[in-house]
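Report on the following structure.
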Amino acid sequence: MRIGIIGAAGTGKSTLAKQLANHLGSTLVPDHVVTVLRELGRDSWKGVSDVKQRRKVREDALKRKVRAEAEHERFVSDKTVVDYLAYWLQNQSEHEEKHVNTAFVDQCKAAVGRYDLFVFLPLRTDVEYAVGRSQDPVHNLKVAAHKRGLLALWKLPLVEAEYTFGEDMAAWCARVLPRPATSA
């Protein structure tokens, strides 16, 4: 199964993705934005103010994400191409020409068919501090709305599920993931 973990900041995406991949014996596909930023010597977007550099980070990360997911038959993806598009729409699109925006949207739309299921983690009002994580509740609400809206607009396979840090993965999977069809 190819599962994408999606949601706003501080909902547990990365933690859940790691634990779920381990539990299912699937490949974990990490968030490549973090990787690209680290290659630039940064641990977050802080200080990356040049619009062209921000575009390059987002485009490079998307290419890496798409390529990494294509390499694996089974995976759990920490953040998805839908997450990448939501952040593009919120933070980048207003600075770009139509053809640049269209190309980014088209790449994301082409890649969403690879997922068998999206697990949407609901918005949390209180977000613990972490480097690069927004604690602004209005920003996080906008991001969650973009992500949830894209899932609905594109009619993507979705379950909405709470995740409690430290929750037993077998119990979580039994509660959230669809049961495989059995032959009669």
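Coordinate-derived values only; no laboratory data. Since this is a predicted model, take the numbers as computed values, not measurements. No Cβ is skipped: glycine too gets one built from the backbone with ideal geometry, and neighbour counts run over all protein chains shown.
Average projection, convex hull of the Cα set of the range 1-97: 6.4 square nanometres. Between the beta carbons of ARG54 and ALA161, assuming R0 = 30 Å, the FRET efficiency works out to 0.45 to the nearest 0.05.
Approximating the spin labels as points 7 Å out from Cα along Cα→Cβ, the HIS99-to-LEU177 distance works out to 4.4 nm.
Taking the Cα centre of the range 30-172 as origin and charging only Cβ (+1 Lys, Arg; -1 Asp, Glu), how large is the dipole, in debye to the nearest 20? Provide the component values of the computation, followed by the final result.
Values: 23 positive and 23 negative charges, 113 e Å.
For the range 30-172, the charge dipole is close to 540 debye.
Protection proxy ranking for 52-59, 95-102, 28-35, 82-89, using the average of other Cβ atoms within 10 Å per residue and placing the highest first: 82-89, 28-35, 52-59, 95-102.
Dividing the convex hull volume of the alpha carbon atoms of the chain by its residue count, what do you get in Å³ per residue? List each step's numbers first, then the result.
Values: hull volume 23.2 nm³, N = 184.
For the chain, the hull spanned by Cα atoms encloses 126 Å³ per residue.
With R₀ fixed at 22 Å, the C-beta to C-beta distance from ASP136 to HIS23 puts the FRET efficiency at about 0.10.
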